[in-house]
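**Q** Before anything else, here's the structure in question.
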Amino acid sequence: MHTELETMVYSKASSAASTTTATTAAATATTTNAAASIAISSLPKSTSTTMSEQEVTIHNLSIEQVIKDKLALMVQEKMDPDQGSAFFVGDLGEVYRQHLRWKAHLPRIEPFFAVKSNPDPMVVRLLASLGLGFDCASKSEIQQVLNGGVDPSRIIYANPCKQASFIRYASQQSVAKMTFDNAEELYKIKKLYPKAELVLRILTDDSKSLCQLGLKFGAPMQTVEPLLKTAKELGLNVIGVSFHVGSGCLDEHAFEDAVVRAREAFDIGHALGFEFSLLDVGGGFPGADVQDGITFEKVAAVLGPAVDALFPPNVRVIAEPGRYFVASAFTICTGVIGRRTVEADNANKYMYYVNDGMYGSFNCILFDHQQVYPKILSRDGQFYYGDTTDDNNQFECSVWGPTCDSIDCLAKETRLPLLDVGDWLYWENMGAYTICAASQFNGFRKSEVLYVNTFH
Ligand SMILES: *Cc1c(COP(=O)(O)O)cnc(C)c1O
């Protein structure tokens, strides 16, 4: 597919410049090459409030080079060694690779990107230009996506318990697809948006997932019939069924069980006179690949055939992947701002303090049950990105965020070479449920994002 994206982001071939500059506001796009400007100006004009006029540069360089340049800039600006802020590198090429991977393995299933996992404006724009749909959970997520020029038919408002004013907003904007899992929600929708296209979210087994969502959402199977009867009595338009196996699902068979349940719900619906035409298989797809862990391919190999076996081709099948698209695309670099030596009999241990933490981008440790791993980025001006050589000179240490709270620990026990204030660490696979949930507790600002495209 020769996409706008390729011209927007992957413009190297047509440009001698190593960067593509775009403004986040499509209406005032300025670019360093013609191809990119065509793509960007082809996006509908925006009066977005969430996007600023600030220029965004997409570097057609390696992640390593962009980090090197950034650190060099800090030196050049004669900052104190510990003064630079933590920063992310977001690789739009990696997001694009995940898109290609999806199309290769689950061609029938249309992804609706779950905005909550990472509402980064460039990611959303890229996925919009690739024709994806979006799963939004609130008014402002819907606003952001609509402002990006996405047609309301490409949005599913996938929050089963919605604030009345948000439903009214969805109605005004013709964002018709929305989920429900209880009768009270049906009465609310009947009043506020009777023409909505409703999707019944059923409860599935999420015991194999890192973040279980079934505690909060999902209609148990025994409630499916009464709920659908209520919808029928209210004259509401239920168009299909959705589920979510839980975020960070570690067992591909959870998807299979869920598809079987969805089929049962379809049959109950048909018996009541509904003509369901939409199956939404939700999110939960793995993000970054970890050794011996579940992979997207494993899930696809189970989910694809299960869907085909139980749902005829006239049923439209969508999904709501979040983590899958963004987890591996973002790396965060943190500077060491403090070190404490813990003296011990045989070997000293060290505690390092870095400039982003649990209350910031690393909230994923707490909220998303992620494990994060520090790697050495630079030490005494020397650069170690991607260096896998075993260093015998490593010491036991722990890594801490900058706030005054002791919960702010990023790595309790790890081994690193001896670091000093001004050295840097990097942490990969930090794209999902990180920046978006960062707070500014204790007066620390959110880390900025530099963009690269490594897809050529
Ligand atoms: C969070 C969420 C998603 C995305 O989940 P991932 O595990 O990131 O894929 C999708 N749909 C709904 C309804 C969600 O709440």
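The values are calculated or read from the model by the stated rules, or taken from the named source; none is laboratory data. All figures in this text were calculated on a predicted structure; none of them were measured in a lab. A quick note on method: Cβ atoms are made from the backbone with ideal geometry, for glycine too, and the neighbour counts reach across all protein chains shown. The accessibility values were calculated without ligands, DNA or RNA, using every heavy atom of the protein model including side chains. Shrake-Rupley method; radii C 1.70, N 1.55, O 1.52, S 1.80 Å.
**Q** Restricting to the range 110-135, name every residue that is part of a loop (DSSP other than H, G, I, E, B) and under 20 Å from V452 (Cα atoms).
**A** N118, P119, D120, L130
**Q** A follow-up question, please. Is there a residue being under 30 Å from Q371 (Cα atoms), basic (K, R), within 15 Å of the ligand (Cβ to nearest atom) and free of Cβ contacts under 8 Å to residues at least 60 places away in the same chain anywhere in the range 162-179?
**A** no
**Q** List, please: which pairs have Cβ atoms under 8 Å, are six or more places apart or on different chains, and start with a residue in the range 279-291 that is over 19 Å from F330 (Cα atoms) and more than 9 Å from the ligand (Cβ to nearest atom) and end with one that is open to solvent by 30 Å² or more (accessible area, probe 1.4 Å) and at pLDDT below 95?
**A** Short answer, once both residue conditions are applied: none.
Let's see how each residue does on (1) within 14 Å of the ligand (Cβ to nearest atom); (2) free of Cβ contacts under 8 Å to residues at least 60 places away in the same chain; (3) touching a Lys or Arg at 6+ places or on another chain (Cβ under 8 Å):
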{"position": "S117", "(1), (2), (3)": "yes, no, yes"}
{"position": "L126", "(1), (2), (3)": "no, no, no"}
{"position": "S129", "(1), (2), (3)": "no, no, no"}
{"position": "S140", "(1), (2), (3)": "no, no, no"}
{"position": "Q144", "(1), (2), (3)": "no, no, no"}
{"position": "P152", "(1), (2), (3)": "no, yes, no"}
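**Q** Report every pair of residues separated by at least 6 positions or lying on different chains whose Cβ atoms are under 6 Å apart, first residue within the range 240-266 and open to solvent by 10 Å² or more (accessible area, probe 1.4 Å), second part of a helix (DSSP H, G or I).
**A** Listed pairs, sorted by first residue: E252/K298; E252/V299; E252/V302; E256/V302; E256/A306; R263/L310.
**Q** Okay, next question. Considering only residues of the range 215-227 that are over 20 Å from Q370 (Cβ atoms) and in a loop (DSSP other than H, G, I, E, B), which is farthest from the chain's Cα centre (by Cα)?
**A** P220
**Q** Does G273 meet the test of being within 14 Å of the ligand (Cβ to nearest atom) and on the phi > 0 side of the Ramachandran plot?
**A** In short, no.
**Q** Can you pull out every residue in the range 58-100 that is surrounded by fewer than 22 Cβ atoms within 10 Å (Cβ to Cβ) and among the charged types (D, E, K, R)?
**A** Across the range 58-100, the qualifying residues are E64, K68, D69, K70, E77, K78, D80, D82, R97.
Condition check ((1) more than 23 Å from the chain's Cα centre (by Cα); (2) open to solvent by less than 40 Å² (accessible area, probe 1.4 Å)) across all residues:
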position: A158; (1), (2): no, yes
position: S165; (1), (2): yes, no
position: R168; (1), (2): yes, no
position: Q172; (1), (2): yes, no
position: K177; (1), (2): no, yes
position: I189; (1), (2): yes, yes
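**Q** I would also like to ask the following. If you check every pair at least six apart or on different chains, which have Cβ atoms under 7 Å apart with a residue in the range 212-233 that is more than 18 Å from H270 (Cβ to Cβ) first and a residue that is in a strand (DSSP E or B) second?
**A** From the range 212-233, the pairs are L213/S247; F217/R201; G218/R201; G218/I202.
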